Amino acid sequence: MDSESVEVGRVVREAINILSSSRNGVQISEALGTIKCYLGGTENQAPLKDREEFTRVHFSAFLRGLVSNLSPEWIELLTSDQQKELWDSFFLDGPADQAFLVLLDSIISTGPSFRLMKVISILEQFLQTGGMSALMWEVCHQQAQAGLPTLQETLLNKVVCLPDHLCNKLQGNNLPIFFPQNYFPLLATEIIQVLQRISDSLRGGLDCSISFVSQVLGKVCVHGRQKEILNMLVPRLMDLTKVDCIWQRMCWRLVECVPDRWMEAVVCGFVQKAPGADVLSRLLGNLVLKNKKAQFVVTQKLLLLQYSYATAMLQNLLGYLALDSLRRSLLIKVLKELLETWGSSSAVKHSPVEQQLYVSKAILICLSHLKEPEIESNGQELLTSMMGGMKCHLDSNLPRVRRLGMIVAESISARITAYGPSLKFQYEDDDETRELKSLLKQTAPQQLPVTDMPNAGSDISSVTPKAVSKPSGNPYPVAPAVPEDGSDLELDSDDDLIPHDMSQDKELKKMKAPVYIRDCIEVLTGSEDVDKWEATMKVLESLIRRNSATAREVSMELAKVLLHLEEKTYIEGFVELRQRALVAVTITDPVPVAQYLSSQFYSLNYSLCQRMDILDVLALAAQELSQPQASGKNKPWSAQSPCIQTVPGSDSSQDWRRIVDERIKSKTRHLVKGQSLVEPACGPNKFSSLAGHFFFPLIQNFDRPLVTFDLLGDDHLVLGRLVHTLAILMYFAIHAVAAAAMGKSLLEFVWALRFHTDSYVRQGLLSAVSSILLSVPSERLLEDMTDEFLETQSWLADVAEKDPDGDCRRLAWQNLLLMENLLKKLRSIPS
């Protein structure tokens, strides 16, 4: 060791000894002043070589000695100016990386004391005076000169985890500057300052590394603080990269140097925070072509493995791929992979509807970016993918999934057959549909007209008459105003009279409807008079309900006629009229008609629609039989009771599931004050004695395939409706003698199908469990079905965690809560 190094070390040791032993303020200030000469910036500063030796070898040791000997006794020996100049300045003006490490290590190792509060105060000043930018700038210089990687890794961890260290140490006494919501925006501002110094260095021809800044950004993002840091960083980078090519290249390099293990968090953050695809392209450049991890995140993970991001993020991401000619090959690749997923029958069955919607949006956005040459070169492949995917979606039991398939197939067809006929489907036009269709139109943001913009200083008289329009409530054209000086000929002219619109008028026909049920049967089976046939359909239900004795005599014949009845001519609401008549027949003579309908459900030569009609009729009849009768009328009391609506093409299970939810709510105690509720009408449940006739014939043959009907095969739509119907019958069988036997059979049925791949079927199974828990007496449930109860509970817990369908998870949690309530109720009953 040379003499100069020994001399600097000796001076440092002497100064530390004075600080630890002396109580003389003059002596302490002289010792600190001597060391201050080695920092530079003073009149009598030490030689350059000594200063470099001090900062490289002795500075950290001196700072630790300064902190360890800090006490209120000797710090009070210095004036406030001396404290700032001779104590604070060592941490604020010296090498920032060493000062930061000493400060943070001292805070972590020091207990509650005056020393701790003083060091925290210095660290606060360090952050407020740009200490972090100085620290990162020093590390960037060290990296350019092959600095120590261990020291850089330590600094990286301390910089990113500073809020955690301070929060753990100070608990409730933490300072606001160390809160994450304040610290990380400050860190983003410091990063901009470092990048500015790097920019100046590059313009001056000096080499500088940006790697440490990239590591800080990556580690902050992977710790879940993208929002805090990128909310401040991205807008500043947007402004700085608009016209400056050096800033653009620095920004590209900033992201490219992020380590692969943190690349996903950074890319996701930029994609979400960028306000548009052009900004994202300016910030990331061709990152997806240079970095395999970034390419995987952009083309795979964000599109195929996740689905929680907003539509705007998808537009940013795919627009970014489409903006550069080098990246467009990735856009075509992404579209093909999306179509492969969209057309996978396994994905359609097992993926949540939300994920399928997300993939559909991505496909439509990709289609909107395709150019004509790209469509021509890939048209056949797109057509093949469209046909396969369309079939998978149309085979689904969920109306929403089918509608997604129709919209995407329509869009692909319209793009690949721009000048010819394309696919057209009929579906509900709701907000989701309109949003999906709007994704096909890539429109640049337009400025509002000047007359439409709010302006406090604008004069209302400057608005032209065309800018304001008032819709007319008159459906007919308004006659032009007659001028005051008009002649008598103009006033008397027939040309000015407005003809009455008679386009909606209909010819009145008087058709006498049948008044006997047997006459109705004759009309429905043999009459060719269309008007008479229509009149019969409209009065049939009321005749059946008014003449119940006659209806019971011909109930079987009438049920057969109605079940096979086809619409001879268009009648508004024909399906509903036929259904209501069948329900009326079933209610009038329930046992034979229910047994007949159940047997026909498993018979040959029936369409799937007819089989589902049978299920709807049985469910509606069970509901009506279970409800109390209004006084003096045959019509069931339904003023406040929920009803099941079975409209063709809709999912009727949603309506009765709402009923189950209401039953669950009714079992919850609510302590309220105020006006008492009016009790509903009461009466016997007629369905209690009939439940077995509806239920058991319907459940016994589900596993026997027919030539044209296989419930456990391709006809899973009907299986789903069957499960929901059995759940409805079980629900309305509350207090029935056969409820326990029905519950046991239904639980075995559920257990046999619990792993079914179709989500609609699984929803029905879970709803059936709800019906069992609500309708079977809890004592019988736990005594007669203990093993089944425990096995079902375990299965429900697995469904609640792992099922891909959101409705299935919700129903599973609902059933688990019901089970828990049952167990609590039984425990509360004294033995």
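The values are calculated or read from the model by the stated rules, or taken from the named source; none is laboratory data. All of these numbers come straight from a predicted model, not from anything done at the bench. Cβ: placed from backbone, ideal geometry, glycine included. Neighbour counts: every protein chain shown. Quick note on the areas: whole protein, heavy atoms, side chains included, nothing else; ligands and nucleic acids left out. Shrake-Rupley method; radii C 1.70, N 1.55, O 1.52, S 1.80 Å.
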Yes or no: the range 263-277 includes at least one residue that is in a helix (DSSP H, G or I), small (Gly, Ala, Ser), open to solvent by less than 10 Å² (accessible area, probe 1.4 Å) and modelled with pLDDT under 95.
yes
Give me the residue from the range 592-624 that is open to solvent by 10 Å² or more (accessible area, probe 1.4 Å) and aliphatic (A, V, I, L, M) and, out of that set, farthest from PHE687 (Cα to Cα).
LEU604
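What are the residues in the range 785-808 that are of a type in the set (A, V, I, L, M, F, W, C) and in a loop (DSSP other than H, G, I, E, B), if any? Break it down stepwise before answering.
As a first pass, look at the range 785-808 and keep what is of a type in the set (A, V, I, L, M, F, W, C): 785, 789-790, 795-797, 799-800, 808.
Once the filter is applied, which keeps residues that are of a type in the set (A, V, I, L, M, F, W, C) and in a loop (DSSP other than H, G, I, E, B), the range 785-808 yields only MET785.
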Going through (1) within 22 Å of VAL139 (Cβ to Cβ); (2) touching a residue at least 40 places away in the same chain (Cβ under 8 Å); (3) surrounded by fewer than 16 Cβ atoms within 10 Å (Cβ to Cβ) one by one, ARG249 fails only at (2)
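Just wondering, is there one or more residues in the range 94-114 that are assigned to a helix (DSSP H, G or I), among the hydrophobic types (A, V, I, L, M, F, W, C), at pLDDT below 80 and within 24 Å of GLU14 (Cβ to Cβ)? Lay out the reasoning, then the answer.
Going residue by residue through the range 94-114, those that are assigned to a helix (DSSP H, G or I) are 96-109, 114.
Restricting the remaining residues to those that are among the hydrophobic types (A, V, I, L, M, F, W, C) gives 96, 99-104, 107-108, 114.
Among the residues that remain, those that are also at pLDDT below 80 are: none.
No, the conditions are met nowhere in the range 94-114.
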Quick one: would you say VAL297 is under 29 Å from GLU153 (Cβ atoms) and within 21 Å of the chain's Cα centre (by Cα)?
yes
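Tell me, which helices (runs of 4 or more DSSP H) wholly within the range 306-375 include 2 or more residues that are aliphatic (A, V, I, L, M) and closer than 22 Å to ALA274 by Cα?
Numbers: elements: 311-323, 328-342, 345-350, 353-369.
Filter on the range 306-375 gives 311-323, 328-342, 353-369.
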Please go through the range 111-124 and pick out each residue that is surrounded by 18 or more Cβ atoms within 10 Å (Cβ to Cβ) and within 42 Å of the chain's Cα centre (by Cα).
LEU123
Can you spot a residue in the range 125-139 that is surrounded by fewer than 18 Cβ atoms within 10 Å (Cβ to Cβ) and within 41 Å of the chain's Cα centre (by Cα)?
yes
The residue from LEU217, LEU202, LEU206 that alone is open to solvent by less than 40 Å² (accessible area, probe 1.4 Å) and of a type outside the set (D, E, K, R) is LEU217
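A quick yes/no check of all residues on (1) small (Gly, Ala, Ser); (2) touching a Lys or Arg at 6+ places or on another chain (Cβ under 6 Å); (3) open to solvent by 20 Å² or more (accessible area, probe 1.4 Å); (4) free of Cβ contacts under 8 Å to residues at least 12 places away in the same chain:
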site: LEU284; (1), (2), (3), (4): no, no, no, no
site: LEU287; (1), (2), (3), (4): no, no, no, no
site: LEU321; (1), (2), (3), (4): no, yes, no, no
site: LYS333; (1), (2), (3), (4): no, no, yes, no
Restricting the first residue to the range 172-189 and requiring it to be closer than 18 Å to CYS221 by Cβ and of a type in the set (Ser, Thr, Tyr), which pairs with a second residue that is part of a helix (DSSP H, G or I) and open to solvent by less than 30 Å² (accessible area, probe 1.4 Å) meet a Cβ separation below 6 Å and a spacing of at least six or different chains?
TYR183/PRO163
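Give the residue, chosen from VAL799, VAL761, that is at pLDDT below 95 and open to solvent by less than 10 Å² (accessible area, probe 1.4 Å).
VAL761
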Can you give me the number of residues within the range 1-26 that are open to solvent by 80 Å² or more (accessible area, probe 1.4 Å), polar (S, T, N, Q) and either modelled with pLDDT of 70 or more or within 21 Å of ILE75 (Cα to Cα) (or both)?
2
Those residues of the range 553-575 which are open to solvent by 20 Å² or more (accessible area, probe 1.4 Å), more than 17 Å from GLU522 (Cα to Cα), of a type outside the set (S, T, N, Q) and in contact (Cβ under 8 Å) with a residue 24 or more places away in the chain, in sequence order
VAL575
Odd one out for ASP430, checked against (1) within 22 Å of the chain's Cα centre (by Cα); (2) modelled with pLDDT of 90 or more:
(2)
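Take SER385 and tell me if it is more than 29 Å from TYR760 (Cβ to Cβ) and hydroxyl-bearing (Ser, Thr, Tyr). Walk me through how you get there before you give the answer.
Details: more than 29 Å from TYR760 (Cβ to Cβ): no; hydroxyl-bearing (Ser, Thr, Tyr): yes.
For SER385, the condition - more than 29 Å from TYR760 (Cβ to Cβ) and hydroxyl-bearing (Ser, Thr, Tyr) - is not met.
Looking at LEU811, LEU782, LEU826, can you tell me which residue is under 18 Å from ALA738 (Cα atoms) and part of a helix (DSSP H, G or I)? Even if it seems obvious, please write down each step before you answer.
Details: LEU811 fails: under 18 Å from ALA738 (Cα atoms); LEU826 fails: under 18 Å from ALA738 (Cα atoms).
When all the criteria are applied, what remains is LEU782.
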